[in-house]
1. What 222 nm value per residue comes from the helices of chain B, counting each DSSP H run with n ≥ 4 as -39,500 (n - 2.57) and dividing by all residues, nearest 500 deg cm²/dmol?
2. Can you compute the charge dipole magnitude of region B:54-205 about its Cα centre, using +1 on each Lys and Arg Cβ and -1 on each Asp and Glu Cβ, nothing else charged? Give it in debye, rounded to the nearest 20.
3. Using a 10 angstrom cutoff on alpha carbons, build the Gaussian network for chain B and name the most mobile of B:ILE206, B:ILE38, B:ILE166.
4. Work out which residues of region A:62-77 lose at minimum 30 square angstrom of accessible surface when the other protein chains are put back, relative to the chain isolated, with a 1.4 angstrom probe, and list them by number.
5. If you take each beta carbon of peptide B:178-186 and count the beta carbons of other chains within 10 angstrom, what is the mean?
6. Can you send over the solvent-accessible area of B:LYS86, 1.4 Å probe, protein chains only, in Å² to the nearest 10?
7. I'd like to check one number: the per residue accessible area of chain B, probe 1.4 Å, reported in Å² as a whole number.
8. Between B:ASP109 and B:SER7, take the C-beta separation as r, use R0 = 30 Å, and let me know the FRET efficiency to the nearest 0.05.
Amino acid sequence: MNATTITVKLFGTLRGRMESDQKVIISDNETIHTVIERLSIDPQAWYLFSVNGQQAGGDTQLHDGDVLMIVPPISGG
Amino acid sequence: MMIPQLSDKDSERFKRQLTLSGYTKDHQIKLKSSTALIAGVGGVGGTTALYLAIAGIGRLKLVHSGVLTSSNLNRQILMTEGWIGKTRVDCAKATIHRIASGVQVDIYDERMTMDNSAAFVSDANVAVSARPNFPERCALNMACVQHKIPMIEGAMFDMDAYLFSIRPGYTPCFHCLFKDADSRWQELEFPVLGALSGTLGCMMAIEAIKVITGYGQPLFSRMLLYNLSNMDFSTIAIHRDPACPVCGALQVTEGVKA
């Protein structure tokens, strides 16, 4: 499989695990779920995902240049 | 029901916003004849309540349990130092009436629950979700879907915040997007800078005004996310979950209150 580069943006309580707008090299067609595991983010917790500004499911395959945002629920009010 | 008119005093007080492009006296009259439920009068919801009041909303229902503490004062702009130990909804009402005496303010020193939320939202035109915990947000969302009341959802953590508006049956509800809460969330422990919760509260007030009056384009089926540490703003398209246990079965046959 070809290596491909995506940009990962972490939000809220996930921020601080790595730099903002971190470039991550993955295998082409890897899914969001496998990237979550690669980043050691709790796969059991609930997140909202977006790819290139569109809400996406965890089984969405990622491609070169994609921007993945991972948004946990937050509740500060 | 009698539709209120703008008095000469109203026209003078609101003349600067009545010159907003596309904003008319009809929008202002809708605002004057509307009720907003504000769940939480802390750093976010208190700011929303204040800006809705000075914009000319007719009635506010403020729901928030507990008394003021010193550590609330870095963000809760309706509170003052001399009120520590007093009930927060009493303080909020006093401040709002000092600034906008014509607004009807009804207060409830309670938490939002699955049992009481429906009664709070049933006569509101819009609900603002600003409680610092998931159970109260879920209870409000459930009640808003049940009564087809539009809801403004906004939350923050540290220097991040997100915001979206819900039109039940048409756009994703809170549960469509967040099936499960963060079990590690600590209601009284999240980091917060008052200026950030203030920005979110202001934007939630603008969303509420848009939803009530029909002015502008609310964040329906869109979520605004921002970080004020690096001033990164983005919007993502969000979608209803047809299998959502809260709103999935909602068959929209009539318009929502707005």
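The values are calculated or read from the model by the stated rules, or taken from the named source; none is laboratory data. These figures come from a predicted structure and were not determined experimentally. Using ideal geometry, Cβ is built from the backbone for each residue, glycine included, and neighbour counts are taken over all protein chains shown. All accessible areas refer to the heavy atoms of the entire protein, side chains included, with ligands and DNA or RNA removed. Shrake-Rupley method; radii C 1.70, N 1.55, O 1.52, S 1.80 Å.
1. Result for chain B: -9000 deg cm²/dmol, rounded to the nearest 500.
2. For region B:54-205, the charge dipole is close to 380 debye.
3. Its mean-square fluctuation being the largest, the pick is B:ILE206.
4. Buried by 30 Å² or more upon assembly, which counts only protein chains, are A:MET69, A:VAL71, A:PRO73, A:ILE74, A:SER75, A:GLY76, A:GLY77.
5. That works out to 5 on average.
6. Its accessible surface works out to 100 Å², give or take rounding.
7. Spelled out: the 1.4 Å probe surface of chain B, per residue, equals 43 Å².
8. Calculated value: 0.40.
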